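The structure under discussion appears below in the form of structure tokens.
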Amino acid sequence: MSKVFSFIRSVFRGEINYKMLKYHLLQRGFRKHNTIGDDDFDWKNYTLHYTGELEVGAKVRTLSLESGDYEFAKGELIQKSSKLPLHNNAQLLYETILLLSPVSILEIGCGGGDNLHNMHVLDNSLELSGVDISKSQLKLLEERHQALSGCTAVRDASSPEFAHRKVDLIFTQAVIMHIGEIEGRHRAALKNIFRTSEHYVVLMENWEKHHFLDDVRAVLSEGIDNWNQYYLYFRESKLNSSTKVMVIANHELDFQPLRDYSQLSS
């Protein structure tokens, strides 16, 4: 019952709009037929919810950057325009990727493409690629950022058939948290991520959804090329101490070591 009241409060606060509400009402009747395992969403119809999220988010933050909006200096993104700021999660994620200076990056669950677009604006030398389980999400990406359409593909990150060329760095933004644990799909996605990354994995997730530290350790204990040695780190937003990103590298970094899950979840 508390979930119902929480949902109703979110509607009245404007945190859920018509499209998001319509998605949830439709799913109540068809959930058993459309979801994969115990995933949080029906990915075939998720774009209805996602576009609602974008509309709500655009009222309070900038989703898509333009040249000159931010400058990266001394390890931080400094806002230079009078636009609404980036979401704290996005800012910390972008800062972390820029600090690692990869040549090539892959986003798992790239959705409408805003993260990839923003990374290109911040560093146009990056070799970008993205995958998403949903065809409709990639159609939305083409509408929002046409220049990205050639570097994306439909892929299920948890599938044994997942394949992508190796890249320096792979990142997620609120994606792995939504993949369920039935039939090991959650850890299967992490395994595919490490198999595809040459050097870095950067995760920006809800740390309460799964025990990501245990999951990463379990996956890497199985032995994956380039990951016989690995180092666990986290970074905390200077704007909001509860915003934290997990970084896994196969060589040492000058970041805060992650030794206990409370460092992320607290």
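Going through the range 183-198 one residue at a time, which ones are closer than 14 Å to Asp214 by Cα and either over 15 Å from the mean Cα position of the chain (by Cα) or outside any helix (DSSP H, G or I) (or both)?
Once the filter is applied, which keeps residues that are closer than 14 Å to Asp214 by Cα and either over 15 Å from the mean Cα position of the chain (by Cα) or outside any helix (DSSP H, G or I) (or both), the range 183-198 yields Gly184, Arg187, Ala188, Lys191.
Keeping to the range 157-177, report how many residues are of a type in the set (D, E, K, R) and buried (at least 17 other Cβ atoms within 10 Å of the Cβ).
1
Restricting attention to the range 112-138, and to residues there that are polar (S, T, N, Q) and in a helix (DSSP H, G or I), which single residue is surrounded by the most Cβ atoms within 10 Å (Cβ to Cβ)?
It comes out as Asn115.
Of all residues in the range 210-264, how many are within 19 Å of Gln91 (Cα to Cα) and surrounded by 11 or more Cβ atoms within 10 Å (Cβ to Cβ)?
The total comes to 17.
Quick one: Val154 ticks every box in (1) crowded, with 19+ Cβ neighbours inside 10 Å; (2) closer than 19 Å to Lys44 by Cα except a single one, so which number is it?
Going through (1) crowded, with 19+ Cβ neighbours inside 10 Å; (2) closer than 19 Å to Lys44 by Cα one by one, Val154 breaks only (1).
For Ile170, only one of the following conditions fails: (1) in a helix (DSSP H, G or I); (2) modelled with pLDDT of 95 or more. What is its number?
Going through (1) in a helix (DSSP H, G or I); (2) modelled with pLDDT of 95 or more one by one, Ile170 breaks only (1).
Kindly establish whether Leu99 is part of a helix (DSSP H, G or I), crowded, with 19+ Cβ neighbours inside 10 Å and of a type outside the set (S, T, N, Q).
So Leu99 fails the test.
The values are calculated or read from the model by the stated rules, or taken from the named source; none is laboratory data. This structure is a prediction, so every number in the text was calculated from the model and none was measured. Please note: Cβ atoms are built from the backbone with ideal geometry, for glycine as well, and neighbour counts cover all protein chains shown.
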